[in-house]
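Have a look at the structure below, then the notes.
The values are calculated or read from the model by the stated rules, or taken from the named source; none is laboratory data. Nothing here was measured: the structure is a model prediction, and the numbers come from that model. Cβ coordinates were reconstructed from backbone atoms using ideal geometry, including for glycine residues, and neighbour counts include every protein chain displayed.
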Amino acid sequence: MTLKFYNTLSRTKEDFSLINKKEVLFYTCGPTVYGYPHIGNYRAYIFADTLKRVLLYNGFKVKHIMNLTDVDDKTIRDSKKEGKTLREFTEFYTEEFKKDIKSLNIVNPKKFTKATDYIHEMVEIIEKLLHKKFAYKSKDGSIYFDIKRFSAQGGSASGGKGYGQLSHLDMSSLKKNAGGRIIKDEYEKDNIQDFALWKAWDEKDGDVFWNTTLGKGRPGWHIECSAMSMSNLGEQIDIHTGGVDNIFPHHENEKAQSEGATGKQFVKYWMHNEWVLVDQKKMAKSEHNFYTLSDLRAKGIDPVAYRFWLLMANYRTRVNFVWEALEGAETALKRLYNLYLGLGDETGNINKEYNHKFKNYLEDDLDTPRALTVLWDVLKDGNISNADKKATVLDFDKVLGLGFADIKTEKIPEEVEKLVTAREEARKNKDFKKSDELRKEINSLGYEVKDTAEGPRLQQL
């Protein structure tokens with residue numbers, strides 16, 4: 001089966017093929033390092049990680065780049081609030097982000113790129129846009145992208161549709177509003193206006209500025225990703241990922257300025273994951289309705305359980321976060337771990353039939369929910385040897401990233417062992433009431449006891 005991915009640009013599933021036939025050129029919009037990302041943000045990175053793992057599983061070489069936005073409106077604002085330099089402030093949250101993605105079993109990209117390391121490359125792109133008259137300088141020295149001109153010329157490489165092709169904007173609205181300008185990094189679709197490529201210095205920026213041929217100032221948010229992507233992957237890339245909230249304005253602007261500068265199609269496959277909701281509303285810091293991985297840890301929940309919960313839904317489906325659902329996912333994941341631990345130490349051969357089913361589901365736009373059903377089926381199949389089950393599970397985990405290879409049998413607490421012994425004594429004495437009470441007490445401590453011909457068997461819930 002051919003890999004099929006849903007392309008936001010065409011709004012259809014498309015067969016996947018490479019631009020250069022050698023390796024997948026893959027860019028992920030990373031975090032703005034001004035605070036701890038919430039768990040909704042982490043869906044984008046788990047999705048990108050799963051996509052990368054599927055590509056590698058299917059034999060592709062992957063060159064994956066993820067940016068770290070370390071200069072923008074938010075980083076400047078909050079670093080000043082904390083009385084820290086921009087670098088000191090963003091370095092702290094960069095390291096915290098890296099710790100978090102490690103706890104989620106996310107494989108690091110080939111390279112993390114920091115926006116502040118690419119100012120020269122941003123200036124070069126802006127100068128190209130000025131030369132082609134897709135950009136202009138305002139009276140205050142800021143430089144803006146000319147949406148109307150770009151659209152009038154068909155967007156060069158945009159199939160004649162110009163600006164708005166990715167986000168499917170109403171172009172009649174564009175004609176009415178595009179005469180204005182907007183300096184903010186983030187804004188809504190009702191603000192379809194020329195956006196800032198370069199922001200002239202003002203007092204709010206403090207000591208955050210660069211003296212360049214464009215003047216004293218700093219880059220706009222959108223130009224940063226174009227520069228980091230093109231510098232590391234070239235003018236045309238295969239895949240660009242991010243959350244659906246990135247489609248407009250960020251990715252629409254990124255696409256326009258990149259294609260305006262090069263005259264080539266910037267990205268072949270735009271792929272976006274849906275939101276994580278809370279009470280059916282988007283999880284967002286601005287709404288004060290978010291949770292962080294620290295909140296999960298405070299409840300004793302391993303972040304990998306959150307990864308597992310997300311894999312239970314298609315990446316293009318909105319999911320509503322409730323603690324009960326996550327706790328249920330954690331219980332299911334622990335059951336999988338226990339079934340795996342019960343397979344023994346020997347590793348056999350990957351079961352070809354189940355491997356074929358697993359791959360087919362993943363090749364259909366990353367259908368992880370059905371891929372997980374195959375994992376359960378393998379573990380429950382009495383016709384497969386334990387050694388072959390183990391090999392097959394470890395093979396699947398190359399994509400799922402649930403950490404089966406790292407699971408170790410935990411030492412059973414002495415208190416639990418005493419309860420199991422007491423329950424077994426009650427059963428021998430046919431005191432079934434006491435036996436049931438002891439079983440419930442064992443369950444309350446996170447363990448389940450099963451009666452087998454060989455005696456009681458204990459496993460974690």
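Within the range 242-272, being of a type in the set (G, A, S) and more than 20 Å from A135 (Cβ to Cβ) holds for G242, G243.
Pairing each residue of the range 345-361 that is under 18 Å from T373 (Cβ atoms) with any residue that is among the polar types (S, T, N, Q) and surrounded by fewer than 18 Cβ atoms within 10 Å (Cβ to Cβ), provided the two are 6+ apart or on different chains, yields C-beta distances under 8 Å for K359/N58. Being free of Cβ contacts under 8 Å to residues at least 40 places away in the same chain, surrounded by fewer than 19 Cβ atoms within 10 Å (Cβ to Cβ) and in a helix (DSSP H, G or I): is that true of A305 here? Judged against the criteria, A305 is not a match. Tallying residues that are charged (D, E, K, R), surrounded by 11 or more Cβ atoms within 10 Å (Cβ to Cβ) and under 22 Å from H251 (Cα atoms) within the range 5-29 yields 2.
Exactly one residue out of D365, D431, D388 is within 39 Å of the chain's Cα centre (by Cα) and free of Cβ contacts under 8 Å to residues at least 60 places away in the same chain, and it is D388. Assessment of the range 39-50 against the conditions (outside any strand (DSSP E or B), in contact with a Cys (Cβ under 8 Å, 6 or more places away or on another chain), hydrophobic (A, V, I, L, M, F, W, C) and farther than 17 Å from L233 by Cα) yields at least one matching residue.
Where strands (runs of 3 or more DSSP E) sit wholly within the range 167-272, those with at least 3 residues that are modelled with pLDDT of 95 or more and among the hydrophobic types (A, V, I, L, M, F, W, C) occupy 194-200.
Restricting the range 47-74 to residues that are out of contact with any strand residue (DSSP E or B) (no Cβ under 9 Å at 6 or more places or on another chain) and more than 25 Å from E95 (Cβ to Cβ), the residue that is surrounded by the fewest Cβ atoms within 10 Å (Cβ to Cβ) is G59.
Scanning the range 313-354 for residues that are of a type in the set (F, W, Y) and assigned to a strand (DSSP E or B) returns no hits. Consider the range 323-337 and keep the residues that are in contact (Cβ under 8 Å) with a residue 24 or more places away in the chain and more than 17 Å from T373 (Cα to Cα). The one that is surrounded by the most Cβ atoms within 10 Å (Cβ to Cβ) is L326.
Of all residues being of a type in the set (D, E, K, R) and within 18 Å of the chain's Cα centre (by Cα) in the range 226-259, which is surrounded by the fewest Cβ atoms within 10 Å (Cβ to Cβ)? Just the residue, please. Among them, the one singled out is D245.
Residue-by-condition table, conditions (1) surrounded by 22 or more Cβ atoms within 10 Å (Cβ to Cβ); (2) small (G, A, S); (3) assigned by TED's automatic domain parsing to the domain that holds A371; (4) in contact with a helix residue (DSSP H, G or I) (Cβ under 9 Å, 6 or more places away or on another chain):
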position: A261; (1), (2), (3), (4): yes, yes, no, yes
position: S286; (1), (2), (3), (4): no, yes, yes, no
position: A298; (1), (2), (3), (4): no, yes, yes, no
position: M312; (1), (2), (3), (4): no, no, yes, yes
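Among the residues of the range 112-134, those that are part of a helix (DSSP H, G or I), of a type in the set (A, V, I, L, M, F, W, C) and within 27 Å of the chain's Cα centre (by Cα) comprise A115, I119, M122. Screening the candidates E124, E96 for the property of being at pLDDT 95 or above and either within 22 Å of I39 (Cβ to Cβ) or assigned by TED's automatic domain parsing to the domain that holds K357 (or both) yields one hit, E96.
Of all residues assigned to the range 286-305, none qualifies as being among the aromatic types (F, W, Y) and under 19 Å from R316 (Cα atoms).
Can you confirm whether the range 87-103 contains a residue that is without any contact (Cβ under 8 Å) to a residue 24 or more places away in the chain and polar (S, T, N, Q)? For the range 87-103, residues without any contact (Cβ under 8 Å) to a residue 24 or more places away in the chain and polar (S, T, N, Q): absent. Among the residues of the range 111-124, the one identified as closer than 21 Å to Y42 by Cα, crowded, with 16+ Cβ neighbours inside 10 Å and charged (D, E, K, R) is K114.
Evaluating T2 against the criteria (1) buried (at least 17 other Cβ atoms within 10 Å of the Cβ); (2) farther than 19 Å from E95 by Cβ leaves one unmet condition, (1).
Scanning the range 83-111 for residues that are of a type in the set (D, E, K, R) and assigned to a helix (DSSP H, G or I) yields R87, E88, E91, E95, E96, K98, K99, D100, K102.
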